[in-house]
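Q: Here it is, the structure, as structure tokens.
The values are calculated or read from the model by the stated rules, or taken from the named source; none is laboratory data. All of these numbers come straight from a predicted model, not from anything done at the bench. Every residue, glycine among them, receives a Cβ derived from its backbone with ideal geometry; neighbour counts consider all protein chains shown. Just so you know, the surface numbers come from the protein's heavy atoms only, side chains and all, with ligands and any DNA or RNA stripped out. Shrake-Rupley method; radii C 1.70, N 1.55, O 1.52, S 1.80 Å.
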Amino acid sequence: MERSSVQAAVRLDAIAVSTIDRTRRPTTPHTAVMRRRATLLRRGLRLLRTTEELLTPDEASAYEDAADLNVLVAQLDVLTADVTERLGSTRVDEHSPTMPELGRALVELHTFRAEVHYHEVHERLDRLDALEAGLAPLRWIHDPDELLGKVCETVVQCCGFDRVLLSRVEGSTWRPWKSYAITERSSERRFAAWMSTTPEIPIDHLLLESEMVRRHGPALVTAPEDDERVYRPLIEASGLQSYVAAPLMPTGRVIGFLHADYECVVVDELDRDILWAFAEAFGHIFERAVLLSRLREQREQVREAMRTVEHVLDELACAEIDLASRAPQNSSSSAPGRLGPGPSPAPGSRIDSLLTPRELEVLALMATGATNSRIAEQLVISDGTVKSHVKRILRKLRSANRAEAIARYLRLTMGPAQPR
């Protein structure tokens, strides 16, 4: 009784450890796809062995166990051709498989090939659906910095990769920036340390990244140790066995790269296409966020400018009211069609030392609200001369516009208020 209890406890501990190991790897939409692929691979290997035994019962297997489904399908295609050829042959001996056996083998081979095709079609559709689902939350983020902070994790979650690297491109240099992995291993910590100390890397014309900049397209590397285009320090620091990469081009110009890989699986063309689809979609989302950010900044600048204009107009309106209260009562003596004289400088004001007499006349008439044409008519000068005087007045009074210059002029000419 005690022995059975101990065995039960051991089994429970084993189950608990197995559960912990499984929870270390987050479940992604790509996990189910990988399980289906693994199931197909096991079934295909069994079919390969039974077909080989049927065709050559006394010979050893010609193929080793394939770890890649594409390799296995190619091997089965060769056996399919052999079975088809034997079915069409009229030569039959006692050691050859019978026609019914060959027929059943051919049906099983074609059925498996159809299942693989069905899996590949739906695998692409399933991964595109997962990609769209992962991009949906990013469309609600309008902060470019927040988007860049989430991009690596989102690629892992919706595209199914085990690790993703985000790099920046500035001019003719690129630099690994940040990464995200599903596991926290010592190699990942070493890779993060390498990124923090890596200087900017020149985009040499022989590098794979240089090709992506020129072609504006993704890349697939299945054997980096034999590929002269890869950046060796990156491979050594990250331990990449195979990877896919895609450029980020929000406005048609490459501003960064995404590199992605698996821990134990070789990447394929579908992985390249999925990462490229994500990079293109994320580029549009990031461009929209940048434009919205600039629009917010410009809107705030316009609001600030409007507040400044409102303040200047308020000061000008108050100054005009005060000026009207100080105007002489016998203004009817002015000649019809002529503007009254503007305010004179207050005692102690030295504005007449800063401006010429003609500029003072122009500024005084500006203070009455006269346009350039009206000032030219009053002073019997051309409109161009008035514009030149106004430009020099704005520069000397350090004013951005006519309203600001008039406000400063009025402050200098009104003088202190009279005691009541």
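Q: Restricting region 14-58 to residues that are hydroxyl-bearing (Ser, Thr, Tyr) and under 14 Å from ALA105 (Cα atoms), which is modelled with the lowest pLDDT?
A: Only one residue tops the list, namely THR56.
Q: Is it true that some residue in region 135-146 is closer than 20 Å to ILE274 by Cα, assigned to a helix (DSSP H, G or I) and open to solvent by 20 Å² or more (accessible area, probe 1.4 Å)?
A: yes
Q: Mind listing just one residue for me: the one in region 98-123 that is of a type outside the set (Ser, Thr, Tyr) and at pLDDT below 85 and, of those, farthest from the chain's Cα centre (by Cα)?
A: Among those that are of a type outside the set (Ser, Thr, Tyr) and at pLDDT below 85, it is HIS119.
Q: Can you pull out every residue in region 154-189 that is hydrophobic (A, V, I, L, M, F, W, C) and in contact (Cβ under 8 Å) with a residue 40 or more places away in the chain?
A: Hits for region 154-189 are VAL155, VAL156, CYS158, CYS159, PHE161, VAL164, LEU165, LEU166, VAL169, TRP174, TRP177, ILE182.
Q: Continuing with this model, one more query. Do any helices (runs of 4 or more DSSP H) lying entirely in region 330-420 carry at least 2 residues that are at pLDDT 75 or above, closer than 21 Å to ALA317 by Cβ and among the basic types (Lys, Arg), and which ones are they?
A: Of the helices (runs of 4 or more DSSP H) lying wholly inside region 330-420, those with at least 2 residues that are at pLDDT 75 or above, closer than 21 Å to ALA317 by Cβ and among the basic types (Lys, Arg) span 402-414.
Q: Another question, if that's okay. Taking GLU85 as meeting all but one of (1) over 30 Å from VAL265 (Cβ atoms); (2) touching a residue at least 40 places away in the same chain (Cβ under 8 Å); (3) among the charged types (D, E, K, R), write down the number of the exception.
A: Exception for GLU85: condition (2).
Q: Please count how many residues of region 211-220 are without any contact (Cβ under 8 Å) to a residue 40 or more places away in the chain and among the aliphatic types (A, V, I, L, M).
A: So the count comes out to 0.
Results for (1) open to solvent by less than 10 Å² (accessible area, probe 1.4 Å); (2) part of a helix (DSSP H, G or I); (3) in contact with a helix residue (DSSP H, G or I) (Cβ under 6 Å, 6 or more places away or on another chain); (4) free of Cβ contacts under 8 Å to residues at least 60 places away in the same chain, shown as yes or no for each residue.
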position	(1), (2), (3), (4)
PHE191	yes, yes, yes, yes
GLU209	yes, yes, no, yes
PRO233	no, yes, no, yes
ALA246	yes, no, yes, yes
GLY252	no, no, no, yes
